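Novice: Take a look at this one; I'll ask things after.
The values are calculated or read from the model by the stated rules, or taken from the named source; none is laboratory data. From a predicted model like this one, the values you see are computed outputs, not experimental measurements. All Cβ positions, even for glycine, are placed from backbone atoms using ideal geometry, and neighbour counts span all protein chains on display.
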Amino acid sequence: MDYVVIGTGPAGVVAAETLRRSDPGGKIKMIGDEPEAPYSRMALPYLLAEDIAEDGTHLRHGSGHFKSLGIDVVQDRVASVSGADGKLSLESGGALGFDRLLIAAGSHAIRPPVPGMDLDGVENCWTLADARRIAAATKPGSRVVLMGAGFIGCIVLEALAARKVELTIVEMEDRMVPRMMNATGGDMIKRWCEGKGVSVLTSTQVESVEKAGDALKVSFKGGEGMDVDLVVCAAGVRPNIAFLEGSGIECGTGVLVDNMLATNVDGIYAAGDIAEGPELITGKKEIHAIQPTASEHGRIAARNMSGYPTHYRGSLSMNVLNTLGLISSSFGQWMGVDGGEETEVADAGRFKYLKLAFRDDVIVGALALGLTQHVGVIRGLIQTGTRLGPWKDRLMQDPHRVMEAYLVRTQGSSYGY
Amino acid sequence: MSWQRKVLRVDLTKGTCETEDLNMEWATQFLGERGLATKYLWENVDPSVDAMSPENVLIFATGPLTGTMASTSGRYAVVTKGPLTGAIACSNSGGKFGAELKYAGYDLLIIHGRSEKPVYLHIEDDEVEIVPADDIWGTTVWHTEEWLKAHHQNPQMKVASIGVAGEKGVRYACIVNDLHRAAGRSGVGAVMGSKNLKAVAVRGTQGVTVDDPEAFMDVVRTTHERMSGHRGRKELTEFGTNAMIDVMQNFGGLPTRNFQAVQFDGVDKINPAAMVTPNEHGHVNLLTNKACFGCTIACGRIAHIDEEHFTIVNRKEYIHASGGLEYETAYAFGPLVGIDDIDALTYAAFLTNEHGYDPISFGGTLAAAMELFEMGVITEEDTDGIALNFGNAEALTVMAEKTGKAEGFGEILGLGSNRMCEKYGHPELAMTVKGQEFAGYDSRALQGMGLGYATSNRGACHLKHDVFGPDMEDQTGKGKAEPCKDSQDFVAMLDSTGLCLFSAGAGMKPGHFTELVRTACGGDWDDDRLTQTGERVWNLERMFNLKAGLTRADDDLPARLKEVPAPSGTAKGKVSDIDMMIPEYYEYRGWTPDGEPTTQTLQRLGLND
Amino acid sequence: MHKALLIDPAKCTSCLQCEMACSFENEGVFNPAKSRIKIFEFEHGARAIPYTCTQCAEAWCLHACPVEALTRNPDTNAVEVSNDICVGCKVCTIACPFGTVNYNKSSGKVIKCDLCGGDPACAKACPTDAITYVDADWTGYERMQASAVSGHGRPA
C-alpha cells in the first residue's frame, strides 16, 4: 500500500507513525514545504521567549526518527491533487501516485486588507522562519504593535513580553480571545495584561501602516497613531486548501470530512487544522486548529487508511492560555447550548472565573481563569458525557466541585448518588 | 528549619494585616503552638482585660512539626484569655486547617481589636484580606465553610469558623475547622465572635522544610513503624476514644447525672460496641474512621443517624455522615445527663459541630440544669416547656439546638454552669474548676486526674496531664503531685510541637519527640531542654492567670467531689484528696504555698525578666 | 510484569501522608499543593478517594504534547515528563480527561505521577494500604471500581 501524507505538522507526523504501526509493510511518504525538521508551531513562542533552542520546537527528537520508521520525508509542495486517479503533482515537477492520501496541510497566517501590511518590519508569527526574523528584529525596549488578540496573538504576546519589548496589542473585537472567552473572561485577561504593563486596545482597527524613517507608523481608525519598530500580525489563519481546487475533494472553509475523517473521495482523508469535521457535542462540522485535535485526527485517519475502521465521535475544542501568568482555558460549547443551563462564579479582583454549560445533567462546555489543578477532568466529563445526577445541582451551586463530581459519579458514594 | 519564621498580625479595629518576623529567641524558648502563643499572648495582652473586649488578643498558632510528615502533625492551638474562666484559654485542634495555615507561610496568626462589622479573614499564601461577612454572619459553621469555598472558588481552602454560638457569646463557644474538628474548650469561639470575626479561610501552597531532611525522615519511618504495631494505636484506630467509656464504667469513674453517680446503666447502648451494632432498623451508627492531617492513627469517628429516629425524621438535611461520638461527647451527652439514645447523642454531636460550641461544657451545664429542674428550682416555665429530666433525650437535642442558636433557655445554658447555677442560687451544683466543666473522669476514682483538673491553667481539663497509670494503680492522692507535674510539663511541650497528644499513647516515645524536634528545627534540643520548655510554658500560663487575678483558691474541686463519697465502683466510699495533694504539688513545682512560682523557679526557667 | 498503583478508597483515612511523601520525594518539601497524588474527601469525611494518574493506555497527555516531552518509561510503564523538553504549554493539562496532569507554577512546567521511577513514595507512606504498588493485572478498572463501590472502610 502506498500512503502519502501532505503536511509535517502534528497531524501528519502522528498519522505517519500510526500508519507505520498499523501497516508495517506500507510505503509512507510525508511531504512538507518548509526546510525544517518537523516542528511544532505551538512551541515557537517559547523559542521567541528564549526558553528553548530551535531543536526544542521539534515534534520528534533524535536524528533519524522518521528514517528509522521507514517514513520518507520529502521537502516539496503539492501543486494539485487528482482524486479520481489517485495522483498528485509536485511543484518541483513530477507526480506521485497513492493508494491512500492524507491531507494534513495545515493552515497559513493571513494578513488583513490594510495598506502597508507588505512593508518590511511587518511579520507573521507562524513559521520557524517568522520567529527567527522577529527574534532578530526585537531587543529589550523595541516598540512593537501586535495585531490580533486571539489565541495565537496571546501566545505571541507572552513571548514578546518575555523579550521585554514595549508592547501594544490591538484587537478589532471588543475583548481579548473573543473566540475562546466570553466578555467576563476576556475583560479579566485584558485588565490583567494591562496590569503587567501591556497596552491593550480592543475594538480598535489598524487603518494603515506606513514607513516613517527607520520606524513604522501605525494608524488606528478614528484615533492616534504610533511609531513602532515592528508590527507582528496575528490576525488569524486559513486552511491551505488552494491546491485542492479541481481535485474533486469537497471543501468548505477547510476540507470536509466525516466521522471516519474521510473526504468525499475514496481513499482520501484529511486531518488537523485543514480538516472541517464533526464537533463532539453538536455534530456540526467545524475546524479546530488545536494540538489535541490534530493528534487525534492524525491517529484516527491513519487507522482508517490502513484498514482498521475507527469511528471518531468528533473533536472537542479546547484551549489553554498563559497570558503573562494568568492561566485560562476553554472547552467545548462554553457559550451554552439551546435549552441547556449555565452556572458561573467570578472574582474579578482575584482574576478567578469558572463557567460551566450543561445540556440536561451533562457538561458540554466550560471556561476557566486561574484554574490549573485537575482542569483536564472537565474534558473528561464532556468527552464521556457523564450524567451528573444530583451533582448537577451541586455544580450549579459550586462549579469548582467538578473533580469531586467526577469521582463520585464514576466511583460511587455512601448514599447512592 | 521547620518554622516558617513569619507571623501574620491582623488588627480588626484598624483593618490592617501585616507580617513580621517570628521572634526566634522566643521560638527557641517556647517552641511553637501552645508555648509560643502563650509567650505572644503574655507580651501582647494585659491579663486583667475583659476576655470579650477588643483589648483581648486571639492567637492561632502552629508548631514547628505542624505540616511535616511526622505522624499527627496537624495540630494548631488557639490561645487567648478565656471568657468562661477568666484564665488563659488554650485550645488545640486537628483536622487540616493548622497545616494549611502553616503552608500559607505563617507560624502564628495574631488577631487584635474588634471589627465594627462582621468580617472574615481570607488568606491565600501572602495575599491576606479582611472581607465583610454579611453573607455568612448568622449562619452555621457548615454553611460558612461551604459558602467560603464556593465564593472563593477554592475547594482546597481550609476554614476555621464560629457558628451563631460564637457570634452570640455562648461562653463555651468553640472554633470549628474542617466541619467537625474544633478548638473546643474554654470559649475561644466566643472571643472570636466578640471580635466580629466569623471565619479564617486559608489556602497555603508554600510547604514546610525541615533542618535535616534525611535524619528527620529516618525518625519518621521509625515512629510510623512503631505506631503501626502499637496496641494503643490499634485501639484508638478501631474503637476511637470512646473505648474509654467501658473502662470508666468498669472502674467506676464515669460521671453520671451531674456527678451524682460514677457508673451508668445505659453504657452498653452508647459504647464502641453499640456504635457498630445494627439497631432494629438495621442501621449502624458508625460509618468509618477518619484521620486528621498527617495522622497514622485516625481515631476520628464518622457516623450517621438512623433516618427514622425522632431527631431527623422530619429533618432530611441531617441524613448524611459527619463527626460522630468521641469519648467526651458520648460521656457529656450520655451518662452525665443520663441519656442512652445513641442517635440522640450523635444528633447532638452534629449540632455542636454545626453551631460551634463545646459539648463537654454544654453537657455539664445541661446536667446542672437537669438537677436544678429535678429539684424544682427551675420549671418548664424557665425551660421553654421542655421537661429537663435526666434521661430525656428530647431535652438534650432541643437544648442543643437552642444553645447553638442562643435562643430561649439555650441562652441561659450558654452561660456555662457557674453563671447559670449562680443565677438560680445553687452554685454548689456547678461541677467545674475555674468555671470550666469536667471531662469524663471522676476525681474520686482518679485522684491524680482531680489534681490535674484543679491545677490545669485553663480550668477543668483532662488533656493537660496524664496520670492514668498511677491513678489506676493507686486510688489515693499519695504520690500524685510528681507524675501530675511531670506529665503537665511533658504535655505542654508536646502541645508546643504541632503534634497530637494521642501520638504519645499510640507508640511515640519521649525520645522520639526530641529527635523529631531536633532534626526538624536544628539546634541542640535534647530531652531535658524539651522538658524544661514544657515547664516554662506551664509556668508562664500560671503567671498569666495570677496576673489575671486567679489565686490558690481557684485550684480546687467542687464540694461534691470532696465531701460526697463515690456511691459505687472501685472508689466506692472515697472522696477527692485534693486538699492534701495541692500543697505537695506546689512544693514539687517550686511554687510558694500560695501557688506562685518562686523567684528561683522563674530564674531557672528564664521567666524572671 | 509491570506494577501499578492499586487504590482502595475504602481504606483511605485521608491522612495525607501520601501527599506529603509525594511532594517530599519530588520537590524536597512537605507540600501537598505540589503532590502528584491527591486525596478527595466527601460527605464530611465519610469517603476519601486517593487519586492520581493510572498511566492509562490511551496516554492522552502524551499524544497532546507538541514537543514529545511526555514519554512512556518502558521499565515502569509510567508516562514521564521530561523537564528539559517541556515548554510549559499546558496542553496536556486540558487534554488529560482524568485531570491528573497539573501545571506547576514555580517550575513553569507540568507535573504528573511517574511512579517515582518504580518505587512510589505514596504507597510506602500509606499507613492503611489504601495505596499499594502491585502487579498490574490486579489494578484492572473493574477491580478498582468494585473496591471503590464496595462500601465503607472499616476501622482496622
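Novice: Any residue in segment A:307-319 that's in contact (Cβ under 8 Å) with a residue 12 or more places away in the chain: show its pairings with residues that are among the basic types (Lys, Arg) at Cβ separation under 8 Å, as long as the two are six or more apart or on different chains.
Specialist: Partner pairs satisfying both residue conditions: A:Pro309/A:Arg303; A:Thr310/A:Arg303; A:Leu316/A:Arg379; A:Met318/A:Arg379.
Novice: Also, quick follow-up: Has segment B:295-317 got any residue that is of a type in the set (Phe, Trp, Tyr), buried (at least 19 other Cβ atoms within 10 Å of the Cβ), in a loop (DSSP other than H, G, I, E, B) and in contact with a helix residue (DSSP H, G or I) (Cβ under 9 Å, 6 or more places away or on another chain)?
Specialist: No, because not a single residue in segment B:295-317 is of a type in the set (Phe, Trp, Tyr), buried (at least 19 other Cβ atoms within 10 Å of the Cβ), in a loop (DSSP other than H, G, I, E, B) and in contact with a helix residue (DSSP H, G or I) (Cβ under 9 Å, 6 or more places away or on another chain).
Novice: Separate question: If you check B:Ala165, B:Ala182, B:Ala150, which single one turns out to be small (Gly, Ala, Ser) and either within 18 Å of B:Ile59 (Cα to Cα) or in a loop (DSSP other than H, G, I, E, B) (or both)?
Specialist: B:Ala182
Novice: Criterion first (buried (at least 23 other Cβ atoms within 10 Å of the Cβ) and modelled with pLDDT of 95 or more) does A:Arg359 satisfy it?
Specialist: no
Novice: Quick one: which residue in B:Trp147, B:Trp142 is closer than 29 Å to B:Ala298 by Cβ, under 23 Å from the mean Cα position of the chain (by Cα) and surrounded by fewer than 24 Cβ atoms within 10 Å (Cβ to Cβ)?
Specialist: One residue alone meets the criteria, B:Trp142.
Novice: Same structure, new question: How many residues are facing chain C (nearest Cβ under 7 Å), more than 16 Å from the chain's Cα centre (by Cα) and part of a loop (DSSP other than H, G, I, E, B) when one looks only at segment A:36-65?
Specialist: 4
Novice: Can I ask one more? Here is a list of conditions, (1) touching a helix residue (DSSP H, G or I) at 6+ places or on another chain (Cβ under 6 Å); (2) surrounded by 17 or more Cβ atoms within 10 Å (Cβ to Cβ); (3) more than 9 Å from every other protein chain (Cβ to nearest Cβ), and B:Val188 meets all of them except one; can you say which number that is?
Specialist: (1)
Novice: Name the residue that is nearest to the other protein chains (Cβ to nearest Cβ), counting only residues in segment B:191-214 that are assigned to a helix (DSSP H, G or I) and in contact with a Gly (Cβ under 8 Å, 6 or more places away or on another chain).
Specialist: Among those residues, the one meeting the criterion is B:Pro213.
Novice: Could you please find all residues in segment B:463-488 being closer than 17 Å to B:Met244 by Cβ and in a loop (DSSP other than H, G, I, E, B)?
Specialist: B:Leu463, B:Lys464, B:His465, B:Asp466, B:Val467
Novice: Would you confirm whether or not segment A:274-286 contains a residue that is farther than 28 Å from A:Val362 by Cβ, crowded, with 19+ Cβ neighbours inside 10 Å and in contact with a Gly (Cβ under 8 Å, 6 or more places away or on another chain)?
Specialist: So far as segment A:274-286 goes, yes, one or more of its residues are farther than 28 Å from A:Val362 by Cβ, crowded, with 19+ Cβ neighbours inside 10 Å and in contact with a Gly (Cβ under 8 Å, 6 or more places away or on another chain).
Novice: In segment A:3-15, is there at least one residue being under 29 Å from C:Asn83 (Cβ atoms), among the hydroxyl-bearing types (Ser, Thr, Tyr) and not in a loop (DSSP other than H, G, I, E, B)?
Specialist: no
Conditions tested, residue by residue: (1) within 14 Å of chain C (Cβ to nearest Cβ); (2) surrounded by 24 or more Cβ atoms within 10 Å (Cβ to Cβ); (3) of a type in the set (D, E, K, R); (4) touching a strand residue (DSSP E or B) at 6+ places or on another chain (Cβ under 6 Å).
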| position | (1), (2), (3), (4) |
| --- | --- |
| B:Asn56 | no, yes, no, yes |
| B:Thr66 | yes, yes, no, no |
| B:Val78 | no, yes, no, yes |
| B:Leu84 | no, yes, no, yes |
| B:Ile88 | no, yes, no, no |
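Rundown of residues vs (1) farther than 30 Å from B:Thr139 by Cβ; (2) surrounded by fewer than 24 Cβ atoms within 10 Å (Cβ to Cβ); (3) in contact with a Lys or Arg (Cβ under 8 Å, 6 or more places away or on another chain); (4) in the same structural domain as B:Thr38 (by TED's automatic domain parsing), yes/no style:
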site: B:Ala406; (1), (2), (3), (4): no, yes, yes, no
site: B:Phe438; (1), (2), (3), (4): yes, no, no, no
site: B:Met449; (1), (2), (3), (4): yes, no, no, no
site: B:Phe468; (1), (2), (3), (4): yes, yes, no, no
site: B:Glu473; (1), (2), (3), (4): yes, yes, no, no
site: B:Gly479; (1), (2), (3), (4): yes, yes, no, no
site: B:Asp486; (1), (2), (3), (4): yes, yes, no, no
site: B:Val491; (1), (2), (3), (4): yes, yes, yes, no
site: B:Cys500; (1), (2), (3), (4): no, no, yes, no
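Novice: A further question follows. Hey, can you tell me all the residues within segment A:212-227 that are at pLDDT below 95 and charged (D, E, K, R)?
Specialist: Those that are at pLDDT below 95 and charged (D, E, K, R): A:Asp214, A:Lys221, A:Glu224.
Novice: Same structure again: If a residue has to be without any contact (Cβ under 8 Å) to a residue 12 or more places away in the chain and within 7 Å of chain B (Cβ to nearest Cβ) to count, how many in segment C:29-52 make the cut?
Specialist: Qualifying residue count, segment C:29-52: 6.
Novice: Ok, one more. Residue check: is A:Asn259 part of a loop (DSSP other than H, G, I, E, B) and within 28 Å of A:Val364 (Cα to Cα)?
Specialist: Considered against the rule, which asks whether it is part of a loop (DSSP other than H, G, I, E, B) and within 28 Å of A:Val364 (Cα to Cα), A:Asn259 comes out as yes.
Every residue, every condition in (1) within 21 Å of A:Val402 (Cα to Cα); (2) surrounded by fewer than 18 Cβ atoms within 10 Å (Cβ to Cβ), yes or no:
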position	(1), (2)
C:Ala33	yes, no
C:Pro66	no, no
C:Ile111	yes, no
C:Gly117	no, yes
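Novice: Name every residue in segment A:370-414 that is within 8 Å of another protein chain (Cβ to nearest Cβ) and of a type in the set (Gly, Ala, Ser), in order of residue number.
Specialist: Passing the criteria: A:Gly370, A:Gly376, A:Gly380, A:Gly412, A:Ser413, A:Ser414.
Novice: Another one. Pairs needed: first member in segment C:53-74, under 19 Å from C:Ile94 (Cβ atoms); second member anywhere, loosely packed, with under 15 Cβ neighbours inside 10 Å and at pLDDT 95 or above; C-beta distance under 6 Å; at least 6 residues apart or different chains.
Specialist: Final answer for the pair search is C:Ala69/C:Ser82.
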